[in-house]
There are 2 protein chains.
Amino acid sequence: MPKLNATHNPELQSWVASANLPGCDFPIQNLPFAIFRRQASDEQYRGGVAIGDRILDLAALNATHLIDGDAAQALAACCDDSLNQFMAMGQRYWSALRQALSQALSQGSALERALNDCLVAQTEVEYKLPARIGDYTDFYTSIHHATSVGKLFRPDNPLLPNYKWVPIGYHGRSSSIDVSGQTFRRPMGQTKAPDAATPSLGPCKRLDYELEVGIYIGAGNDLGDAIALDDSDAHVFGMCLFNDWSARDIQAWEYQPLGPFLAKNFASTVSPWIVTLEALAPYRTTWSRDADDPQPLDYLESAQNRQSGAFDIQLEALLETKQMREAGQPAHRLSQSNFSHSYWTVAQMVAHHTVNGCNLQPGDFFGSGTQSGPEADEAGSMLELSNGGKQPIPLPNGESRTFLEDGDAIIMRGGCEKPGAARVGFGEVVSRVLPARGQ
Amino acid sequence: MPKLNATHNPELQSWVASANLPGCDFPIQNLPFAIFRRQASDEQYRGGVAIGDRILDLAALNATHLIDGDAAQALAACCDDSLNQFMAMGQRYWSALRQALSQALSQGSALERALNDCLVAQTEVEYKLPARIGDYTDFYTSIHHATSVGKLFRPDNPLLPNYKWVPIGYHGRSSSIDVSGQTFRRPMGQTKAPDAATPSLGPCKRLDYELEVGIYIGAGNDLGDAIALDDSDAHVFGMCLFNDWSARDIQAWEYQPLGPFLAKNFASTVSPWIVTLEALAPYRTTWSRDADDPQPLDYLESAQNRQSGAFDIQLEALLETKQMREAGQPAHRLSQSNFSHSYWTVAQMVAHHTVNGCNLQPGDFFGSGTQSGPEADEAGSMLELSNGGKQPIPLPNGESRTFLEDGDAIIMRGGCEKPGAARVGFGEVVSRVLPARGQ
């Protein structure tokens, strides 16, 4: 298992009182990164670290000159309006800054008074995309999702023969990725009903979310070089929540033979906070294959990956309809799942992506693919939950849905929790559907 | 047809004598853009315009302050080490700079002496990627290629039912796109022979090129907005040659259900020069559909697109083997084709890409897809020329190829030529295959 250090000590408390409350997403053991500024201000965006219900303003901290060594260099990079430069610095600097912030925010720290002036309330800020994402790759790592969706798109042939050998992925669109709070117009698109003679253009009728984990690349690799499976941790900066909005009717008509295109590139939403790989170390877990499944090819196989390749991250998706919002009713949980169900690990995604020499760059982004669990109520999309739109999903206020309606918001939350370790939360990602253009 | 102006006058001559030679790719009617610096120097990269066998150094010209108005603003943007800022400025500025450079480089120009100091020989420079490419989309616009390749991958079902309705495209990888001169290692990858029980990892055995036209987006659109078919010219900066390297054996095993991934993202090569849409105006031509083909949906149909949506650009691909190179033999032409065979126009690609609200950004890049013509010897890939590897292609020096071997270089050339108009050439794109990693 990855080495745990003092920053993981579950007994550690912060002088920021809200960080010590039970159930808090951002205790001192987490320390995730975002890019923020005060709402409706003309401040420069800069890096911040979540602690309880506050944000430690890294540009303000940098100006105090209280941090030195590698951590100071890392801190200077975090003053930028994206984390790319910090991501590129690599594990040594990520870890140095984490150690320094953990000490500075601990109860009894001599820096408490100075750092207190660097805190901003999370309720007072706005976020932006934490990295300039060069390339975005979406994987397809849940075998439960692949099988359920495969049944709907290809009843005779749900799980293709390559699935258990190849960590299937495809390139996505970076330009339309935005941070939590994103609203977007229901996409227009070409679709063809099974009984229609010809396709037609109109607003998407089967708009769906996908419950995914997002992965940010830190240090990259040169074109032509591969990243070995057991070296991947040095290249992965951290993870977030990711909603990969999908237009199922557009997808069904367009996706053969070259894959999803307009069905997926109209909007994708990330949570503001990136939880680092180091913060997630206590929640790494074993990865295995069923005995009757093929075992991976050598470049996707190692003892380290078997021992600690998977991540125990609980995930949930909630729906808030316009009616719920207006009536002040709570959002309704559609499903819960866990990233540990993934058929392929993050390390396998990195090793596979680069085995052909493809170069990853700091700030590149992977989607894990929809993380459906083995049970029907653990499905990570409405396509699965409504059985391809055939079974409406009842909502507690009397409404129902097969797919999303205008005004609907999807909220995703995630976090790690277990006895003997501090909670490591992901916060949430919220985004909302607006009516189609011209509607 | 698009309006022609004085910059298109075929009688116009330049005081740069090499620009007036018959067959020159870069006469004064062309004026394409690149990013360059002197070879092996530590100069800043900056914009340049090709004229004959010279480059007009736009940073040097900017320093003279001899150009004013909109053109001066455009020129200032071209001092950057990518053309993104210039691309973002839009048609008014692109056109103003073209007019100013056309006048300044014309025979009799009062600026001859001053501009002569701003010329650099093309043989003395190195190029870099002319834009920071945010997102790269590859289309599939040759129905001849789609049908031939479809026959090989899906003998029962070569052309899918959506092909004649949807300008099929998919997202590609930006990070591995580089400029002419690129060398790259033969990709490693997972493949499965039809008779093998399980897949295995090894060097690609079916390495191929794809003869494409590349298209750079200039001014973008906001997320949620669409670009109407007849407005697309305002958003397209220009075109180049594009080699979309492909690993056919990796592709065959990985591409279902989400499309090509590692088969395409190990290297892609662009020509250094971007020929502007304005320079191509004399070579716009009619676009039509066979009467028994479905006519496009409304958002892909207009009189303007019918009248001048296509481009008459001649394309060719040549192979230079290591043996040819060492013996000083000329490269062998594998095939010739023409972009006017494309089943979909550039305007239709832009309108389709944005119909769902997807946002294009300055510097985004489209591949046209392999531009195979209707005849077998007009095929734009070895997969087609060798009939899926079954018929070796004989070479004049006694060698033969089904797919590419280590040391092989592919050279692509392109240009427009017709009576009553000046030649508008694209230059060339050359790239070469290195042995696989560890081989």
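Under 25 Å from A:GLY220 (Cβ atoms) and not hydroxyl-bearing (Ser, Thr, Tyr): is that true of A:ASP80 in this structure?
It is true that A:ASP80 is under 25 Å from A:GLY220 (Cβ atoms) and not hydroxyl-bearing (Ser, Thr, Tyr).
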Within segment A:32-49, restricting attention to residues that are assigned to a loop (DSSP other than H, G, I, E, B) and in contact with an Asp or Glu (Cβ under 9 Å, 6 or more places away or on another chain), which residue is surrounded by the most Cβ atoms within 10 Å (Cβ to Cβ)? A:PRO32
Restricting the search to segment A:374-395, which residues are outside any loop (DSSP other than H, G, I, E, B), open to solvent by 10 Å² or more (accessible area, probe 1.4 Å) and at pLDDT 95 or above? A:GLU378, A:GLU384, A:LEU385, A:ILE393, A:PRO394
Quick test of your reading of the structure: B:PRO167 fulfils all but one of (1) at the interface with chain A (Cβ under 9 Å from one of its Cβ atoms); (2) farther than 30 Å from B:ALA60 by Cβ; (3) at pLDDT 95 or above; (4) out of contact with any Gly (no Cβ under 9 Å at 6 or more places or on another chain). Name the failing condition by number. (1)
Selection status of B:GLN371, part of a loop (DSSP other than H, G, I, E, B), of a type in the set (S, T, N, Q) and open to solvent by 10 Å² or more (accessible area, probe 1.4 Å): no
Taking the condition of being outside any strand (DSSP E or B) and crowded, with 18+ Cβ neighbours inside 10 Å, how many residues in segment A:104-131 meet it? 9
Can you name the residue in segment B:200-222 that is farther than 15 Å from B:PHE266 by Cα and over 16 Å from the mean Cα position of the chain (by Cα) and is also surrounded by the fewest Cβ atoms within 10 Å (Cβ to Cβ) among such residues? B:ASP222
Under the condition of being open to solvent by less than 40 Å² (accessible area, probe 1.4 Å) and of a type outside the set (Phe, Trp, Tyr), which residue from segment A:155-164 is modelled with the highest pLDDT? A:ASN162
Quick one: is B:VAL179 modelled with pLDDT under 95, touching a Leu at 6+ places or on another chain (Cβ under 8 Å) and either at negative phi or more than 9 Å from every other protein chain (Cβ to nearest Cβ) (or both)? no
Which residues, taken from segment A:311-330, are within 18 Å of A:PHE426 (Cα to Cα) and open to solvent by 10 Å² or more (accessible area, probe 1.4 Å)? A:ASP312, A:GLN314, A:GLU316, A:LEU318
Could you list all residues from segment B:236-252 that are away from every other protein chain (no Cβ under 12 Å) and either open to solvent by 10 Å² or more (accessible area, probe 1.4 Å) or over 18 Å from B:GLN314 (Cα atoms) (or both)? B:VAL236, B:PHE237, B:ARG248
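Which one of these is closer than 30 Å to B:ARG186 by Cβ and among the β-branched types (Val, Ile, Thr): A:THR402, A:THR354?
Criteria check complete, one pass: A:THR354.
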Is it the case, given these coordinates, that B:LEU97 is buried (at least 17 other Cβ atoms within 10 Å of the Cβ) and either under 17 Å from B:LEU277 (Cα atoms) or assigned by TED's automatic domain parsing to the domain that holds B:GLU124 (or both)? yes
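Within segment A:408-420, count every residue that is open to solvent by 10 Å² or more (accessible area, probe 1.4 Å), closer than 23 Å to A:ASP249 by Cα and over 17 Å from the mean Cα position of the chain (by Cα). Spell out how you get there, then give the answer.
Quick first cut of segment A:408-420, residues open to solvent by 10 Å² or more (accessible area, probe 1.4 Å) only: A:411, A:413, A:417-420.
So of that shortlist, the ones also closer than 23 Å to A:ASP249 by Cα come out as A:411.
Narrowing further to those that are over 17 Å from the mean Cα position of the chain (by Cα): none.
Total meeting the criteria: 0.
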Return a yes/no flag: does segment B:196-203 have any residue that is touching a residue at least 60 places away in the same chain (Cβ under 8 Å), in contact with a Leu (Cβ under 8 Å, 6 or more places away or on another chain) and either over 30 Å from B:GLU301 (Cβ atoms) or more than 10 Å from chain A (Cβ to nearest Cβ) (or both). no
Does any residue in segment A:352-369 that is under 19 Å from B:GLY134 (Cα atoms) and in contact (Cβ under 8 Å) with a residue 60 or more places away in the chain come within less than 6 Å, Cβ to Cβ, of a residue that is in a loop (DSSP other than H, G, I, E, B) and of a type in the set (S, T, N, Q) six or more places away or on a different chain, and which pairs are these? A:CYS358/B:SER176; A:CYS358/B:ASN265; A:ASN359/A:ASN221; A:ASN359/B:SER175; A:ASN359/B:SER176; A:LEU360/A:ASN221; A:GLN361/B:SER175
Restricting to segment B:221-232, what's the tally of residues that are part of a loop (DSSP other than H, G, I, E, B) and not hydrophobic (A, V, I, L, M, F, W, C)? 4
Out of A:ALA376, A:ALA331, I need the residue that is free of Cβ contacts under 8 Å to residues at least 60 places away in the same chain, in contact with a helix residue (DSSP H, G or I) (Cβ under 9 Å, 6 or more places away or on another chain), more than 14 Å from chain B (Cβ to nearest Cβ) and small (Gly, Ala, Ser). Which one? A:ALA376
Take B:GLY52 and decide whether it is open to solvent by less than 10 Å² (accessible area, probe 1.4 Å) and either out of contact with any strand residue (DSSP E or B) (no Cβ under 9 Å at 6 or more places or on another chain) or more than 13 Å from B:CYS78 (Cβ to Cβ) (or both). yes
Of all the residues that make up segment A:355-364, how many are under 21 Å from the mean Cα position of the chain (by Cα) and either facing chain B (nearest Cβ under 7 Å) or open to solvent by less than 10 Å² (accessible area, probe 1.4 Å) (or both)? 4
Which residue, of B:ASP233, B:ASP225, is more than 12 Å from chain A (Cβ to nearest Cβ), surrounded by fewer than 22 Cβ atoms within 10 Å (Cβ to Cβ) and out of contact with any strand residue (DSSP E or B) (no Cβ under 8 Å at 6 or more places or on another chain)? B:ASP233
Take the residues in segment A:166-199 that are closer than 27 Å to A:ASP377 by Cα and not in a strand (DSSP E or B); name whichever of them is most open to solvent (accessible area, probe 1.4 Å). A:GLY181
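Yes/no matrix, rows are residues, columns are (1) within 27 Å of B:GLY172 (Cβ to Cβ); (2) in a loop (DSSP other than H, G, I, E, B); (3) touching a helix residue (DSSP H, G or I) at 6+ places or on another chain (Cβ under 7 Å); (4) without any contact (Cβ under 8 Å) to a residue 60 or more places away in the chain:
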residue: A:ALA234; (1), (2), (3), (4): yes, no, yes, no
residue: A:MET239; (1), (2), (3), (4): yes, no, no, no
residue: A:ILE250; (1), (2), (3), (4): yes, no, no, no
residue: A:ALA263; (1), (2), (3), (4): yes, yes, yes, no
residue: A:PRO282; (1), (2), (3), (4): no, no, yes, no
residue: A:GLN304; (1), (2), (3), (4): no, no, yes, no
residue: A:GLN307; (1), (2), (3), (4): no, no, no, no
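The values are calculated or read from the model by the stated rules, or taken from the named source; none is laboratory data. This one's a predicted model, so the numbers in the text were calculated from it and none came from an experiment. So basically every Cβ, Gly included, is an ideal-geometry build from the backbone, and we count neighbours across all protein chains shown. With ligands, DNA and RNA removed, areas are computed over all heavy atoms of the protein, side chains included. Shrake-Rupley method; radii C 1.70, N 1.55, O 1.52, S 1.80 Å.
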